[in-house]
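Let me begin by presenting the structure, written as structure tokens, before commenting on it.
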Amino acid sequence: MLKVLVPVDGSEAALRAVRHLAKKASWYREPLEIHLLNVQYPLHGDVRVFLDDEQVQNFHNEEGLKALEAARAVLDAAALRYLFHVGVGDPAAVIAEYAREKGCDQIAMGSQGRSALAGLLMGSVATKVIHLSDTPVLLVR
């Protein structure tokens, strides 16, 4: 079984990657084990004073599930099975680590399509994932 990680942040670019995978799933020789992953940025500052760890975890899970809704709907409509997870931390680092831990064969993710100069100056999660991960990365524009 081929394991494919699809990071989803709720953006149109991420949804394009999910649609692409759903459309091309039959092209793969092996059945796909699809892992959807949403990564939430950690809460900082004074917020932690007012919320306990369980409340923070619930917040991240709720926000992550919202971000995954459209991607899950696409895969459900295509009758493709998938697993989903919500992580917290630096998105690129969490994506690369998740792919490593789960033994994923590929990471399929959307690209925002920024210009080369903007990407160089600001960086992007996709660029960072490429640098941090040993797993092949498919970028979908």
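The values are calculated or read from the model by the stated rules, or taken from the named source; none is laboratory data. Just so it is clear, the model here is predicted, and its values are computed rather than measured. Cβ coordinates were reconstructed from backbone atoms using ideal geometry, including for glycine residues, and neighbour counts include every protein chain displayed.
When residues in region 62-85 are screened for being surrounded by 15 or more Cβ atoms within 10 Å (Cβ to Cβ) and over 30 Å from Ser26 (Cβ atoms), 1 of them pass.
I'm checking my understanding of the structure. Among residues of region 1-23 that are among the charged types (D, E, K, R) and part of a helix (DSSP H, G or I), which one is farthest from Ala93 (Cα to Cα)? For region 1-23, the residue satisfying everything is Lys23. None of Ser26, Ser11 is surrounded by fewer than 19 Cβ atoms within 10 Å (Cβ to Cβ), of a type in the set (S, T, N, Q) and touching a residue at least 60 places away in the same chain (Cβ under 8 Å) except Ser11. Within region 28-47, one or more residues are under 18 Å from Val140 (Cα atoms), out of contact with any Asp or Glu (no Cβ under 7 Å at 6 or more places or on another chain) and not aliphatic (A, V, I, L, M). Flag: Val94 does not match the condition of being among the β-branched types (Val, Ile, Thr), farther than 17 Å from Val129 by Cβ and modelled with pLDDT of 95 or more. Regarding region 32-47, can at least one residue be identified that is surrounded by fewer than 20 Cβ atoms within 10 Å (Cβ to Cβ) and assigned to a helix (DSSP H, G or I)? The answer is yes, given that some residue of region 32-47 is surrounded by fewer than 20 Cβ atoms within 10 Å (Cβ to Cβ) and assigned to a helix (DSSP H, G or I). Across region 100-117, the number of residues qualifying as surrounded by fewer than 16 Cβ atoms within 10 Å (Cβ to Cβ), modelled with pLDDT of 90 or more and among the hydrophobic types (A, V, I, L, M, F, W, C) comes to 0.
If the condition is being over 18 Å from the mean Cα position of the chain (by Cα) and of a type in the set (Gly, Ala, Ser), then region 24-61 contributes Ser26, Gly45.
To keep it simple, each residue is scored yes or no on (1) at pLDDT 95 or above; (2) out of contact with any strand residue (DSSP E or B) (no Cβ under 7 Å at 6 or more places or on another chain); (3) not small (Gly, Ala, Ser).
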position	(1), (2), (3)
Ser11	no, no, no
Ala22	yes, yes, no
Glu63	yes, no, yes
Leu68	yes, no, yes
Ala73	yes, yes, no
His85	yes, no, yes
